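Right, one structure below, let's go through it.
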Amino acid sequence: NTSTKRYEIYKGEPLMFAVVPIKGKGRGLIATQPISKGTIIEEAPLIILDKKDSKLVEKTLLGNYTFEYDSKRVCLALGYRSLYKHDEAPNVEAILYNDQKTYLVYEALRDIEEGEELLINYGYKVK
């Protein structure tokens, strides 16, 4: 049950993916090894911005990488968040998870083969 999983902050394990050019998409992520369903791929800390700060950031290049956190704030995910590409049939899920909801956890939705692109739906679940 994913709602009872205890997520640990990333502790320096080797990455399961690589940043590569994806034809027609720019840089993206591919699996460098098989990844089993339910595996935590990455945990990305969030920078949460209030309305005042988000209006300033929207005017910059960083504004392209923020997303809605709640009705009053936006956030910027650190880590590799901006390199996961969107797909309606993703193989990775982003979950906003911990008591303070200050990081996103990226979890494999199904078994992923080595060399397969890592794809998310740009929405996220709250746990």
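The values are calculated or read from the model by the stated rules, or taken from the named source; none is laboratory data. Worth saying up front: this structure is predicted, and the values here are computed from it rather than measured. Ideal geometry is used to build each Cβ from the backbone, glycine not excepted, and the neighbour counts take in all protein chains shown. The area values use the complete protein model at the heavy-atom level, side chains included, leaving out ligands, DNA and RNA. Shrake-Rupley method; radii C 1.70, N 1.55, O 1.52, S 1.80 Å.
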*Which of the residues belonging to segment 81-95 are in contact with a Leu (Cβ under 6 Å, 6 or more places away or on another chain) and either farther than 22 Å from PRO21 by Cβ or open to solvent by 70 Å² or more (accessible area, probe 1.4 Å) (or both)?*
GLU93, ALA94
*asked:* Filter segment 52-74 down to the residues that are surrounded by 11 or more Cβ atoms within 10 Å (Cβ to Cβ) and either basic (Lys, Arg) or closer than 30 Å to ASP111 by Cβ (or both) and list them by number.
replied: LYS55, TYR65, PHE67, ARG73
*With ILE41, ILE47 as the choices, which residue is at pLDDT 90 or above and open to solvent by less than 60 Å² (accessible area, probe 1.4 Å)?*
ILE41
_Members of segment 96-120 found to be modelled with pLDDT under 90 and open to solvent by 10 Å² or more (accessible area, probe 1.4 Å), listed by number_ = TYR97, ASN98, ASP99, GLN100, LYS101, THR102, TYR103
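State yes or no: is VAL19 in contact (Cβ under 8 Å) with a residue 12 or more places away in the chain and not in a strand (DSSP E or B)? It would help to see each step written out before you state the result.
Numbers: in contact (Cβ under 8 Å) with a residue 12 or more places away in the chain: yes; not in a strand (DSSP E or B): no.
Criteria not met by VAL19.
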